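The values are calculated or read from the model by the stated rules, or taken from the named source; none is laboratory data. Keep in mind it's a predicted model, so treat the numbers as computed, not measured. Here the Cβ positions follow ideal geometry from the backbone for every residue, glycine too, while neighbour counts run over all protein chains shown. Please note that ligands, DNA and RNA were not included when accessible areas were found on the heavy atoms of the full protein model with its side chains. Shrake-Rupley method; radii C 1.70, N 1.55, O 1.52, S 1.80 Å.
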Amino acid sequence: MALPPTGLPGKRLSARAKDLAVTLAVTAVAVGGALWGMRDTSETFWQAVTGWTMLGVACGALHFRRRRPISVAVVTLLACAVYYPVSGNDGPVMLAFVIALYTAAVDGRFAAAAALGVVAMLLVVYGEVLQEPGRRRVDDMSIMMMAGWLLSLLILARAQRTRAAYLEEVRGRALAAEREQEARAQQSASEERLRIARELHDVLGHSISLINVQSSAALHRLSKRRPRPADDSAVSGDLATAEEALEAVKSTSRDALGELRSTLGMLRQADESAPTAPTAGLERLPELLAGARSAGLDVRAETVGTPRPLPPPLDLAAYRIVQESLTNVTRHARACRATVTLTYADEDLQVRIDDDGQGSTDELAHGSGIRGMAERAKAFGGELTARNTADGFRVSARLPLRPPSEGEL
């Protein structure tokens, strides 16, 4: 395992530390240049005081160049405009103005920086024009070189600004791509969690519900056949044992349904919707109806139109809607008969389950059955309704045969 670094050589300086470092470096160069130039010149007291004051102002202002780049550039330019005519020493104070001008251009104030550069050159030209012949400090060639130098400085700053903007855009795109990848991973996890919740509800919930209903029916039949006290005590004991076993099965299945609902509540989130992977289809409808009949429900199937192969996801959705509807009928509706009708149309498949029970949408809304069926229909651009009728209760679903576009989901 690699050990973490013990030193801090790789850490970058903060913006304030950089500003302080630049300020100290420019101050050292300006002070050193001024002291070096004092060997061959003589100044009055007020010239020296003014010169050193302007030097300090120009160098000290650089510490605020990132927060107020234009203001610092103006201050350094004014300091240079006072320093060079008044002081008898041509120190490198202009270096402070150059750095401030570069900072302003890099900060995006290119027009203002260019204007200040033009003003600086005009001040230099004006100052040299006022000089007497033979006493000029900057000749024409030096003025042209200075103008070219400032122009190159502004071009370099503009290039640096463009490069920084490009890097920022690349960084933003990388962050956006990373967020998108994380969102897709989270969406995939949510879809898988919802798929597991639906399959658990549809498969285990259906099977456990049938176990609960069948055990209740068996207990009811045993209670009617309980022998009289004069009958064989052995038979009575066997029936009592069977009743205890069936009571245990009924209680255990009821508890298992409660635990299953709790688990599904943790897996399911209200704002999720996702298609499910195909594991069954309408070809298994006879088995499903046989299981409902074993629970005491008289159920039959009707087909309208010509049956044809369906896309596996849609085939699974239709099967699960029928399965969940029959589960609700056996658990809640207290129904005797039910009819499953499949209508094959050109544009869609219509699934309808009618029963003669006493179920209601208010009673079923506390579970996740109707919501799960509605989500399945919506995933294909269809719809599902569940309502009471004059003869009982009806669940009706419409599943379009063509895949829905993104705007329809």
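Filter the range 139-156 for residues that are acidic (Asp, Glu) and open to solvent by 90 Å² or more (accessible area, probe 1.4 Å) and give the result. I'd like the intermediate steps shown before the answer.
Filtering the range 139-156 for residues acidic (Asp, Glu) gives 139-140.
Listed by number, the list holds a single entry, Asp140.
What is the number of the single condition among (1) under 20 Å from Ala104 (Cβ atoms); (2) surrounded by 16 or more Cβ atoms within 10 Å (Cβ to Cβ) that Ser71 does not meet?
(2)
Within the range 307-328, count every residue that is over 20 Å from Ala345 (Cβ atoms) and at pLDDT below 85.
Of the residues in that region, 2 qualify.
Filter the range 342-355 down to residues that are open to solvent by less than 10 Å² (accessible area, probe 1.4 Å) and of a type in the set (Val, Ile, Thr) and give me whichever is nearest to Ser294 (Cα to Cα).
Checking each candidate, the answer is Ile353.
On the given criteria, is Ala48 among the small types (Gly, Ala, Ser), modelled with pLDDT under 80 and open to solvent by less than 60 Å² (accessible area, probe 1.4 Å)? Spell out the reasoning first.
Values: among the small types (Gly, Ala, Ser): yes; modelled with pLDDT under 80: yes; open to solvent by less than 60 Å² (accessible area, probe 1.4 Å): yes.
Taking the combined requirement at face value, the residue satisfies it.
Filter the range 318-342 down to the residues that are touching a strand residue (DSSP E or B) at 6+ places or on another chain (Cβ under 6 Å) and part of a helix (DSSP H, G or I) and list them by number.
Within the range 318-342, Ala318, Ile321, Val322, Ser325, Val329, Ala333 meet the criteria.
Please state which one of Thr50, Thr76 is over 17 Å from Val26 (Cβ atoms) and touching a residue at least 24 places away in the same chain (Cβ under 8 Å). Walk me through it before giving the result.
Values: Thr76 fails: over 17 Å from Val26 (Cβ atoms).
Only one candidate qualifies: Thr50.
Which condition breaks for Gly281 when tested against (1) on the phi < 0 side of the Ramachandran plot; (2) modelled with pLDDT of 85 or more?
Checking Gly281 against (1) on the phi < 0 side of the Ramachandran plot; (2) modelled with pLDDT of 85 or more, the one that fails is (2).
Among the residues that make up the range 51-60, is at least one of them open to solvent by 40 Å² or more (accessible area, probe 1.4 Å) and in contact with a Pro (Cβ under 7 Å, 6 or more places away or on another chain)?
No: the range 51-60 contains no residue that is open to solvent by 40 Å² or more (accessible area, probe 1.4 Å) and in contact with a Pro (Cβ under 7 Å, 6 or more places away or on another chain).
With the requirement that a residue be open to solvent by 10 Å² or more (accessible area, probe 1.4 Å) and outside any loop (DSSP other than H, G, I, E, B), what does the range 74-97 give you?
Once the filter is applied, which keeps residues that are open to solvent by 10 Å² or more (accessible area, probe 1.4 Å) and outside any loop (DSSP other than H, G, I, E, B), the range 74-97 yields Val74, Val75, Leu77, Leu78, Cys80, Ala81, Val82, Tyr84, Pro85, Val86, Met94, Leu95.
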